[in-house]
Amino acid sequence: MTDTHWTFFSNYAHVLVYLAESPEATLREVADQVGITERSAQRLISHLDEAGILHREKHGRRNSYVIDTSAHLRHPLEEHCTVGELLETILSPDRVRRLERDHANYNARMSS
């Protein structure tokens, strides 16, 4: 019997894909969609934030997330690829372009 519960992407990638589609998702929503605990979702999002792959924006008690599609993947085997290129394998090119615009707008807000 083979193990049928593995996937090609890590939970980091799953979190990133879900936040790319739902940038205002709560930790509970992220956790439910990815199949992890809220604590794990919080830890993964913190790691992605610390790595500069995504940025959190506070809106009252809620967060929204902005993804840096130009950030490079971290493992030596795939560091020549960007987050945007990874997301383009799963999401539509239009969605990835919107993420790029969102990140440009975020940078403009942070620099003013």
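Bear in mind that the values in this text are calculations on the coordinates, not laboratory data. This one's a predicted model, so the numbers in the text were calculated from it and none came from an experiment. Quick reminder, even Gly has a Cβ in these numbers, built from the backbone with ideal geometry, and neighbours come from all protein chains shown.
A few points about this structure:
- Failed condition for residue 73, given (1) touching a residue at least 24 places away in the same chain (Cβ under 8 Å); (2) in contact with a strand residue (DSSP E or B) (Cβ under 8 Å, 6 or more places away or on another chain): (1)
- Tally, over the stretch 39-58, of residues that are without any contact (Cβ under 8 Å) to a residue 24 or more places away in the chain, touching an Asp or Glu at 6+ places or on another chain (Cβ under 9 Å) and of a type outside the set (Gly, Ala, Ser): 1
- Cross-chain or 6+ apart pairs with Cβ under 8 Å, the stretch 85-107 first and assigned to a helix (DSSP H, G or I), then basic (Lys, Arg): 87/95
- Filter result for residue 74 (among the charged types (D, E, K, R), loosely packed, with under 15 Cβ neighbours inside 10 Å and in a loop (DSSP other than H, G, I, E, B)): yes
- Being closer than 17 Å to residue 96 by Cα, among the aromatic types (Phe, Trp, Tyr) and touching a residue at least 12 places away in the same chain (Cβ under 8 Å) is a property that residue 12 lacks.
- Of the numbered criteria (1) surrounded by fewer than 17 Cβ atoms within 10 Å (Cβ to Cβ); (2) in contact with a strand residue (DSSP E or B) (Cβ under 9 Å, 6 or more places away or on another chain), the one residue 68 fails is (1).
- Close contacts from the stretch 15-34, counting a first residue that is touching a residue at least 60 places away in the same chain (Cβ under 8 Å) and a second that is surrounded by fewer than 19 Cβ atoms within 10 Å (Cβ to Cβ) and hydroxyl-bearing (Ser, Thr, Tyr), with Cβ to Cβ under 8 Å and a gap of 6+ residues or different chains, come to 23/64.
- All of 22, 10, 46 fail the test of being within 15 Å of residue 90 (Cα to Cα), loosely packed, with under 13 Cβ neighbours inside 10 Å and not hydrophobic (A, V, I, L, M, F, W, C), apart from 10.
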